Amino acid sequence: MAGRHSERAPSRRRPVLLAVVATLLVAVGGATLVGAIAGDDPGPACEGSETVSLAAATEIAPVLRTASNALEAAEASAQGACLDYEVAATGPEQVTRTLSSEPEVAPDLWVPDFSAWVARATGSGASPAQLSASLATSPVVVVGRNVDRPASWQEVGRSTVTYLDPLTSSASTAALLSAFGEVTRTGASKAEVGAMIVPLAQRYGGQPDRPETVEDVAEAAAEGELGVMSEQQLVRLQADGVGEGLSATVPESGTMVLDYPLVALSKDDVVREAGRRLAGYLAGPEGVELLARQGFRDTTRSPLEGDLATGVEQVDVIPLPDAETLAETLRRWAVLTVPSRSLAVVDVSGSMDFVDGDESRIDLAVAAADRALGLFPDNAQIGMWAFSVGLGGGNQDYRALAPVRELGSAAGGGTHRDRLRRAFAKLPGITDGGTGLHDTTLAALRTVQDGYDARAVNSVILLTDGQNDDPGSLSLEQLLRTVEREEDPARPVPVIAIGMGPDADARALRRIAGATGGRSYVARDPADISQVFIDAMLNR
């Protein structure tokens, strides 16, 4: 506990009470606070001093300072000692880092803006003790000029939307989690949500000047985009003259709500009593009024009233997922925001002409690859090879159809993206021969590693419907030994291996992917290949 058993002389604070009251009246602007401080006799004056450190999300820190000042003026005590609260505005991510790396210097009390942070800290091995599930609330909203109410967060994600990094901004975290959490209400499939999340993350990662503050989000919304923030952030921005003309709404599917829990990070009884006193004050009428003036809703999520009303009524709350799902979602986001540099290697052996359902395997593969191409922004680097035994002439089983280049770069009177789509269209016309899987895989790995870009996720995307049947090629064991020998930990190139159809060699694909730190997927029904492509992109 910070400052525990201070060396200052025992104190009886009532002689300074009037001065503190005067200060608080200026800060809070309400005579009702006098009753909270001077109304009921708090009993015998406290003696000695105990200092309790409290880290709070930036927007609620001023409220907590005012509330703690009121408690100190009323001689709030714990174990007979006077309480001194030290409130610091601290980003939740900073507290979680401290809990992970230096738990001995963690604050005594913590008020993050979202319970997700407590779940993340718990998942990292910390043991915060909940003293209050919520001190205040604020729904996450979509803002814009005369913004229409979207049907879902998935619809928001497909729009031109500005938001802060979900790894550090709780409002953005909640919006991202809401897109997954709303599926039971919208009926969206995993593939549909993935088809929104991948380009959303890639666009964010590809921005040269990412928004860094909520003011940046408001500015973009004022210029015609959508923005994501909490209702409280919008209220405070507009009180400061920023974001005028912006309106707020929430999707019809609902939204998550920032809930400002109070947890103890210390096991000390004085700390926990100090936290309970603070929570009790904020739950009382003076505390609720103080929170409302700063744009917070109460714990029942009642709409803001009067000049603070935003037009957003009682919201349908999407629940927070479990800690494991939360961690996995944010891990995926962190990976997906890193730009892609991939070589797609597509099987064009004769078996790819087999018809499954109404379409051939190669037609299904082309459609899935074309759809996957649409998930990536212009700064993604993608190339493509086709492969079958002898396709490249002599003993070479692959043919390069498009080099690894940025999709938005100029190529042949259009863009590299256009070139890739033209290359996809050629694939059904060159299907023939056997499956030259092993030699092609090694060549693709070497090619990507030779042009390695340390700023991107470098990978080989391997799509095949069979197993290696080139009698003159490397065996699987030879391939794996060579891959292991040539592996460079500083330049990892995972293979994302995708098998389609009943003849795909799942075991070989799994071993190849595993040897490179990648993943393997098999769509036994080739019609499922689009879903598998989305899964592969989400889990790269």
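The values are calculated or read from the model by the stated rules, or taken from the named source; none is laboratory data. Since we're looking at a predicted model, the values are computed, not measured. Cβ placement follows ideal geometry from the backbone for every residue including glycine, while neighbour counts extend to all protein chains displayed.
Descriptive notes on the structure:
- The residues of the range 345-387 that are part of a strand (DSSP E or B) and under 13 Å from R417 (Cβ atoms), listed by number, are Q381, I382, G383, M384.
- Residues in the range 97-114 that are outside any helix (DSSP H, G or I) and either of a type in the set (F, W, Y) or free of Cβ contacts under 8 Å to residues at least 60 places away in the same chain (or both): E102, W110, F114.
- Criterion (under 24 Å from S189 (Cβ atoms), at pLDDT below 95 and of a type in the set (D, E, K, R)) met by exactly one of D525, D488: D525
- Residue match in the range 261-270 (condition: assigned to a helix (DSSP H, G or I), of a type in the set (A, V, I, L, M) and within 27 Å of P107 (Cα to Cα)): yes
- Filter pass, P428 being farther than 23 Å from D528 by Cα and either surrounded by fewer than 17 Cβ atoms within 10 Å (Cβ to Cβ) or in contact with a Cys (Cβ under 6 Å, 6 or more places away or on another chain) (or both): no
- If you go through the range 75-96 and pick out every residue that is within 12 Å of S53 (Cα to Cα) and either in contact with a Cys (Cβ under 8 Å, 6 or more places away or on another chain) or not in a strand (DSSP E or B) (or both), you end up with 2.
- Summed over the range 385-412, the residues that are under 38 Å from the mean Cα position of the chain (by Cα) and either farther than 21 Å from I362 by Cβ or β-branched (V, I, T) (or both) give a count of 10.
- Boolean, T184 is among the polar types (S, T, N, Q), more than 19 Å from the chain's Cα centre (by Cα) and assigned to a helix (DSSP H, G or I): yes
- For the range 118-131, the tally of residues that are free of Cβ contacts under 8 Å to residues at least 60 places away in the same chain and either surrounded by fewer than 23 Cβ atoms within 10 Å (Cβ to Cβ) or in contact with a Cys (Cβ under 7 Å, 6 or more places away or on another chain) (or both) stands at 3.
- Just one residue in the set G91, G48 is within 28 Å of the chain's Cα centre (by Cα) and of a type in the set (G, A, S); that residue is G91.
- Residue ID - surrounded by the most Cβ atoms within 10 Å (Cβ to Cβ), chosen from residues in the range 257-275 that are at pLDDT below 95 and among the acidic types (D, E): D268
- Any hit, the range 445-457, residues being farther than 24 Å from D505 by Cα, assigned to a strand (DSSP E or B) and in contact (Cβ under 8 Å) with a residue 12 or more places away in the chain: yes
- Residue under evaluation S247, criteria (1) surrounded by fewer than 24 Cβ atoms within 10 Å (Cβ to Cβ); (2) outside any strand (DSSP E or B), criterion not met: (2)
- Looking across the range 355-407, the residues that are surrounded by fewer than 17 Cβ atoms within 10 Å (Cβ to Cβ) and among the polar types (S, T, N, Q) come down to N395, Q396.
- Residue count, the range 200-219 (criterion: surrounded by fewer than 19 Cβ atoms within 10 Å (Cβ to Cβ) and assigned to a helix (DSSP H, G or I)): 4
- Exclusive hit being out of contact with any Lys or Arg (no Cβ under 7 Å at 6 or more places or on another chain), closer than 28 Å to L282 by Cβ and not assigned by TED's automatic domain parsing to the domain that holds R272, set S132, S178: S178
- Residues of the range 389-423 that turn out to be in a strand (DSSP E or B) and at positive phi, as a count: 1
- The set of residues in the range 505-522 being surrounded by fewer than 24 Cβ atoms within 10 Å (Cβ to Cβ), of a type in the set (A, V, I, L, M, F, W, C) and touching a strand residue (DSSP E or B) at 6+ places or on another chain (Cβ under 7 Å) consists of A506, A513, V522.
- Scanning the range 55-73 for residues being in a loop (DSSP other than H, G, I, E, B) and either of a type outside the set (A, V, I, L, M, F, W, C) or surrounded by 22 or more Cβ atoms within 10 Å (Cβ to Cβ) (or both) gives a total of 3.
- All told, L375 falls short of being over 20 Å from R341 (Cα atoms) and under 35 Å from the mean Cα position of the chain (by Cα).
- Close pairs from the range 403-427: first closer than 15 Å to P377 by Cβ, partner of a type in the set (V, I, T) and not in a helix (DSSP H, G or I), Cβ under 7 Å, at least 6 apart: L407/I382; L407/T415; G408/T415; S409/T415; L420/I382
Rundown of residues vs (1) in contact with a Cys (Cβ under 9 Å, 6 or more places away or on another chain); (2) assigned by TED's automatic domain parsing to the domain that holds Q467; (3) exposed (fewer than 15 other Cβ atoms within 10 Å of the Cβ), yes/no style:
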| residue | (1), (2), (3) |
| --- | --- |
| G287 | no, no, no |
| A292 | no, no, no |
| G306 | no, no, yes |
| A309 | no, no, yes |
| D316 | no, no, yes |
| W333 | no, no, no |
| L343 | no, yes, no |
